[in-house]
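These notes are about the structure you will find just below.
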Amino acid sequence: MKIAWASSAFAAAFERAECTQLEWLDACARSGLCDGVAFDRAHFPRIDADYLAQLKKMAVDLTLTPLALENDAFLLSSREAKEESLRIALAVGAPLLLCRAPALTAVAYPALASGIAEACGLAKAANVTIALRNERDTHASSEADCKRLAKEADSAWLRFAPESARLDAGSSLAGLAGKSVALLHDVADDATKCLALVGAEAPQYRGYVILDARAGDCELTEISRATALSVFRAR
């Protein structure tokens with residue numbers, strides 16, 4: 001498997017101004033076990049063309065793959081905001097737009113379906129694939145939920161980025177594996193258990209595992225010593 005770090009894992013460090021995106025990229029590159037990165041939309045100090053080109057060039061020079069742009073609010077954002085996020089993804093060279101479905105209490109299903117239809121149309125035009133994360137108590141908390149949204153969208157531009165530890169009981173990673181373009185893993189969870197599940201339910205998967213931290217409290221020094229790095233790399 002290939003490994004990417006999500007900048008959302010270091011949210012607290014960014015908020016305290018203890019690191020910049022450039023320093024984070026450099027730390028990822030210095031880890032011999034990191035292949036790619038997922039940029040959180042919240043961590044861009046600027047989104048002008050020059051700065052985005054600098055990020056892409058630095059990633060290329062460091063031999064890191066810009067895998068995804070994270071934006072959890074993407075599906076329900078305005079058309080203009082969706083277009084801006086897709087523009088950023090394209091500018092940094094990321095083929096995926098990683099997002100979560102909204103909470104069940106946040107929006108009715110018809111409004112969500114409308115938002116997904118618009119998002120898929122814009123994603124197709126931009127040639128950036130939407131990678132939907134599952135999350136408990138959202139419209140994508142289970143295998144069935146994810147499949148329902150995919151059927152509603154009826155678009156090749158909506159795919160999955162499942163996190164096995166967050167799937168509802170009764171869900172199977174196997175049911176999502178065929179349309180999964182990345183896997184998610186929270187570094188606070190048991191990486192060995194997650195890998196065993198992947199081996200049992202998605203044995204053909206050889207793509208990226210995106211390492212994240214729901215708490216957002218990782219330090220840059222953890223990039224090189226995270227247990228999950230060596231566990232997933234072994235597969």
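Some observations on this one:
- The listed residue being modelled with pLDDT under 95, within 17 Å of the chain's Cα centre (by Cα) and buried (at least 16 other Cβ atoms within 10 Å of the Cβ), out of R166, R206: R166
- Matching entry among A13, A91, A106 (being touching a residue at least 60 places away in the same chain (Cβ under 8 Å) and either closer than 22 Å to R233 by Cβ or more than 16 Å from the chain's Cα centre (by Cα) (or both)): A13
- Candidates S230, S141, S172, filtered to the one that is of a type in the set (S, T, N, Q), under 17 Å from C99 (Cα atoms) and in contact (Cβ under 8 Å) with a residue 12 or more places away in the chain: S141
- Listing of helices (runs of 4 or more DSSP H) fully contained in the range 1-96 that carry 1 or more residues being closer than 30 Å to A108 by Cα: 11-15, 79-92
- Here is the figure for the range 193-203: residues that are within 19 Å of the chain's Cα centre (by Cα) and either of a type in the set (D, E, K, R) or not in a loop (DSSP other than H, G, I, E, B) (or both) total 3.
- Matching entry among S31, S77 (being at pLDDT below 95 and within 19 Å of the chain's Cα centre (by Cα)): S77
- Among (1) within 20 Å of L211 (Cα to Cα); (2) touching a helix residue (DSSP H, G or I) at 6+ places or on another chain (Cβ under 6 Å); (3) not acidic (D, E), the one test that A12 misses: (2)
- Restricting attention to the range 172-188, the residues being within 17 Å of R148 (Cβ to Cβ) and in a strand (DSSP E or B) number 1.
- Pick from the range 103-136, criterion within 18 Å of S155 (Cβ to Cβ) and of a type in the set (K, R), ranking: surrounded by the most Cβ atoms within 10 Å (Cβ to Cβ): R133
- From the options D186, D145, residue that is within 19 Å of S8 (Cβ to Cβ) and of a type in the set (D, E): D186
- Filtering the range 145-178 to residues that are hydroxyl-bearing (S, T, Y) and either under 23 Å from E70 (Cβ atoms) or in contact with a His (Cβ under 6 Å, 6 or more places away or on another chain) (or both) leaves S155, S164, S171.
- Residues satisfying the stated conditions in the range 97-112, i.e. in a helix (DSSP H, G or I) and under 24 Å from L184 (Cα atoms): L112
- Residue list for the range 1-43, restricted to those being charged (D, E, K, R) and out of contact with any Asp or Glu (no Cβ under 7 Å at 6 or more places or on another chain): E15, R16, E18, E23, D26, R30, D35
- If you check D61, D40, D72, D50 for being within 19 Å of L90 (Cα to Cα) and modelled with pLDDT under 95, only one passes: D72.
- Given (1) of a type in the set (A, V, I, L, M); (2) over 18 Å from A59 (Cβ atoms); (3) touching a Ser or Thr at 6+ places or on another chain (Cβ under 7 Å), number of the condition L97 does not satisfy: (2)
- Output for the range 207-234, where each listed residue is part of a loop (DSSP other than H, G, I, E, B) and among the basic types (K, R): R214
- Checked across the range 151-162, the condition of being more than 27 Å from P203 (Cα to Cα) and assigned to a loop (DSSP other than H, G, I, E, B) holds for no residue.
- All positions within the range 116-139 that are within 14 Å of E70 (Cα to Cα) and assigned to a loop (DSSP other than H, G, I, E, B): V128, N134
The values are calculated or read from the model by the stated rules, or taken from the named source; none is laboratory data. Here the structure is a predicted model, which is why all the values come from computation and not from measurement. When we count neighbours, we look across all protein chains shown, and the Cβ atoms used for this are built from the backbone with ideal geometry, even at glycine.
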